[in-house]
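The values are calculated or read from the model by the stated rules, or taken from the named source; none is laboratory data. From a predicted model like this one, the values you see are computed outputs, not experimental measurements. So basically every Cβ, Gly included, is an ideal-geometry build from the backbone, and we count neighbours across all protein chains shown. Note: areas computed on protein heavy atoms with side chains; ligands, DNA, RNA excluded. Shrake-Rupley method; radii C 1.70, N 1.55, O 1.52, S 1.80 Å.
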Amino acid sequence: MRLRRTLTRALPLTPAVALLLLFLAGPIAYCAYIAFTDLQLTGQAHSSFVGFENFRAAFKDDAFLNAVWLTLVFTVLSSLVGQNTLGLALASLMQRASKPVRTVVGGIVITAWVLPEVVAGFLLYAFFRREGTLNAILDWLHLPTQNWLFTLPILAVSFANVWRGTAFSMLVYSAALNEIPKEITEAAEVDGAGGWRRMWHITLPMIRRSIGTNLMLNTLQTLSVFGLIWVMTRGGPGNRSQTLPLFMYEQAFQKSMIGYGTAVALLLLVVGSLFSLVYMRLLRTEV
Amino acid sequence: MPVRKTLRSRRTGRRLAADAGLLAVAAAFALPLAWVVLSALDPHAGLRVKVPDGLTLDNFDAVLKPDITYTPLLNSLILCGGGTLLTVVCAALAAYPLSRFRSRLNRPFLLTILFATCLPITAIMVPVYALFVRVNLIDTVQGTIFFFAASQLPFAIWLMKNFMDGVPKELEEAAWTDGASSLQSLVRIVLPLMGPGVAVVTVFSFVMMWGNFFVPFMLLLTPDQMPASVSINDFFGNRGTVVYGQLAAFSVIYSTPVILLYVLVSRRLGGGFALGGAVKG
């Protein structure tokens, strides 16, 4: 009787669980399996189990290590430094700004965020190209111009990611700052604490949980960026902006080594899972 | 009094400084956006932001054709509409027992969902491709819809459950005593009461799928089935030299629906809508 009631109650869960098992858990399990095989895209009837061979090969592969390094640079520059700091700065400036300015600025920054990934990629491609807007401005200021997508591709795509992703941090921090009681900041202000000291001693400690969640989510988001970089540079020139998702794609499809590409994917997934677990610990009181 | 006076003037000064700082940042953010809008209307658009030589709608005329715009947008609509519908229905059903009944399994289930919310979906696209080839779902619209729905489901369930928790249980209990089933009370009472919540989940799922490039890029092969997020690449490549004005016009057409949807929902819920359920940090 009790079991039956439990089962009836769980019934509405079945469509969702079926979809999740078939199309999410399934591929992840399959990923964990083919990462240990030498599966290739073409001309191969059977794949065989090769153990840790793909991983061993990866850590000896300069192109892989390059991708790891670039992913690290991309994540630290665009997510930890760029989106996070700029988002906090925008949010705290907005606390003091007048309403029309707040609306306009919020609108522009959020539009960049809502825009489809590929469109954002094109806009920043146009911005950074040799004939693009950035060089036009530098020229006007009599500063040296350069072909940004060629000389500093990883920097260009990192800026693109900041442009696109800052709105998220801005919204998270705006919400967090709005929850700080006015009396506390006002009391500190009357006591003569300047802007930076208030930020460091009052605001930051009070929003530290938001900082944690924001950093986690930004990092996870940035780890899986593909379209933006693909549109802007295809990972090039050479492989100087080839982060792990693009490396994975190249190995699996352009070089037809699905097994090797999946091994890289599995590593990405493991790193993502670790971040995900930390994020859950930060949120653990919520469930 | 003097203390208050200095505080107030200091505050005005700070407001001006904040306004100036914000406007400077906004200008930098606006430049790439200005490019797309101005170039779409410019008969001689290039890669840099400039005041158009003259205003024209020729770029829009040139791209508003079945093979360039209508077919890809229709494909996007089918993929994202189907995916969103599936996501919202499954999420609403799943959220109901999680929100209404106590069970020892709720917590582990919700934790798993939360965990899945954060996984980098990009990473599993290669095995998904390999799996889809095996089960003959590759290059099918329904396969892509299923995957879209599955990838969006964890977040949708999470959001939906949080919104549903906000609907008081008493009204449903009244309906139950009148003999309504759980499904009836979900459809007739709970969902209408959480209308804004359902709207948020719907719009958020749709916007995420509409902009997604990697999933259809991997799972679809036939050009006729490609959504706008992938077909936009055709402006480079096979058409020879890139006509930037047309690319910009297409970008505007393709981006407008999601921006409008966002405005619609965020107005109603007061900004930052999607974050309410996810990051209550």
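Remark: accessible area buried at the A-B interface is about 8000 Å², both chains counted, probe radius 1.4 Å. A simple spin-label model places the labels of B:T56 and B:N233 3.0 nm from each other, with each point 7 Å out along Cα-to-Cβ. Expressed as a whole percent, the accessible surface of chain A that belongs to carbon and sulfur atoms is 65, based on a 1.4 Å probe. Based on Cα contacts under 8 Å between residues 6+ apart, the range A:83-247 shows a relative contact order of 34 percent.
Taking only protein heavy atoms and a 1.4 Å probe, the accessible area of chain B is 64% carbon and sulfur.
A:H201 sits with roughly 120 Å² accessible to a 1.4 Å probe, with DNA, RNA and ligands left out of the calculation. Spin-label model, A:L143/A:F59: points 7 Å from Cα along the beta carbon direction are separated by 4.2 nm. For A:L21 and B:A24, a Förster radius of 51 Å and the Cβ-Cβ distance give a FRET efficiency of 0.55, rounded to the nearest 0.05. Hydrophobic long helices, here whole DSSP H runs in chain B with Kyte-Doolittle means of at least -0.5 and Cα atoms spread over 30 Å or more along the helix axis, are found at B:2-40, B:71-100, B:141-165, B:244-269. Ligands, DNA and RNA are left out, and with a 1.4 angstrom probe the accessible area of chain B is 45 Å² per residue. Scanning residues 5 or more positions from A:T37 or on other chains, those with amide H under 5 Å from its amide H are A:V50, with H placed 1.01 Å from N in the peptide plane. With R₀ set to 41 Å, the beta-carbon distance separating A:V81 from A:R4 gives a calculated FRET efficiency near 0.15. Solvent-accessible surface of protein heavy atoms, probed at 1.4 angstrom with all chains present, puts A:W230, A:W140 in the order A:W140, A:W230, largest first. Taking amide H positions as modeled 1.01 Å from N, with prolines and chain starts lacking one, the residues under 5 Å from B:V49 and 5 or more places away or on another chain are A:T133.
Please check the range B:83-110 for residues whose accessible area, probe 1.4 Å, is lower by 40 Å² or more when all protein chains are in place than in their chain alone. Relative to the lone chain, where solvent access is computed with a 1.4 Å probe, the range B:83-110 loses at least 40 Å² at B:C90, B:L93, B:P97, B:F101, B:R107, B:F109. When you restrict to C-alpha pairs under 8 Å that are six or more residues apart and normalise by the size of chain B, the relative contact order lands at 29 percent. Loop-located trypsin sites (Lys or Arg not before Pro) across the range B:85-136 with a Cβ neighbour count of 12 or fewer within 10 Å are B:R102, B:R104, with loop assigned by DSSP.
Using a cutoff of 8 angstrom between alpha carbon atoms and counting only pairs six or more residues apart, the relative contact order for chain A works out to 30 percent.
For every other residue with a beta carbon closer than 14 angstrom to the beta carbon of A:P181, add +1 if it is Lys or Arg and -1 if Asp or Glu, then tell me the sum. Net charge in that neighbourhood comes out at -2. Note on A:L152/A:E189: beta-carbon distance plugged into 1/(1 + (r/R0)^6) with R0 of 56 Å gives a FRET efficiency of 0.85. Of the DSSP H helices in chain A, those with a Cα length along their own long axis of 27 Å or more and a mean Kyte-Doolittle hydropathy reaching 0.5 comprise A:153-178, A:258-282.
Taking K and R as +1 and D and E as -1, what net charge do the other residues with C-beta under 11 Å from the C-beta of A:M206 add up to? My count for the surroundings of A:M206 gives +2.
Per residue, the accessible area of the range A:71-199 comes to 44 Å², computed with a 1.4 Å probe over protein heavy atoms only.
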